[in-house]
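We did not get these values from a lab; they are worked out from the coordinates using the rules stated. What you are looking at is a predicted structure, and each value in this text was computed from that prediction instead of being measured.
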Amino acid sequence: MVESAKTEDAQLTIYYYNPNIQPRSEYQSRLKAMQIVANLKKIEIIIPDWVPKEYFDTTGGNGAGRCEKCWRLRLEKTAKEAKIRGFNYFSTTLLTSQYQNEERVQKIGKEVAKTSGVDFWIPKTIVKEANTAGFYKQTFCGCIYSLAERWEEKYLPKI
C-alpha cells in the first residue's frame, strides 16, 4: 500500500495478505523474506491471519479464471485495508511477478479502485528480473495448482 500522494516521498505499508500461498512452509518462507525487507527498510507490515479457505472459496479450486479471481480477492482486501487506514493509494507486488499477467492485474486493480474509493498506484518502472542478492525467490506464483504445474514441468517426461 502507498500512503503518500508523491511516490518519491511515499510512506509505505506492507499488507501481507496471501491466502493463496501453499503449502504453509512456502507461506512462512515468503513472509519471513518480506519481514526482513520491511525491517531493513523500516516499513510497517500488517499480517492478517493466513486463511487458505478464503482463496479456495473465492476461486473454486483449479477452474477457469482461477488466477483472476485470486488477484481480485487479494486486491479487494488490500484496497479495503487501505480505505480503513485512510491511505491514498494501494498497489501490489503482483505487478512485478513473472508468473502473473501484468495487464490483467492492472485492469483489476483499476476496477477495484473505482469500487473502493482508493486509487490504484502503478509504478512507472516495473522490474521483473531483479537481482535477489540472496533474497528468497520463489519458482511459482504461490498457489498449490501453480506448484503442481512447476513440478510437472520439471519432473514429468515430455510426450
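Share of Cα-Cα pairs in the chain beyond 26 Å, in percent?
26 percent
Output the relative contact order of region 7-155, whole-number percent, from Cα pairs under 8 angstrom with separation of 6+ residues. Can you show the working numbers first?
Numbers: 150 pairs, mean separation 37.1, N = 149.
Contact order relative to length: 25 percent.
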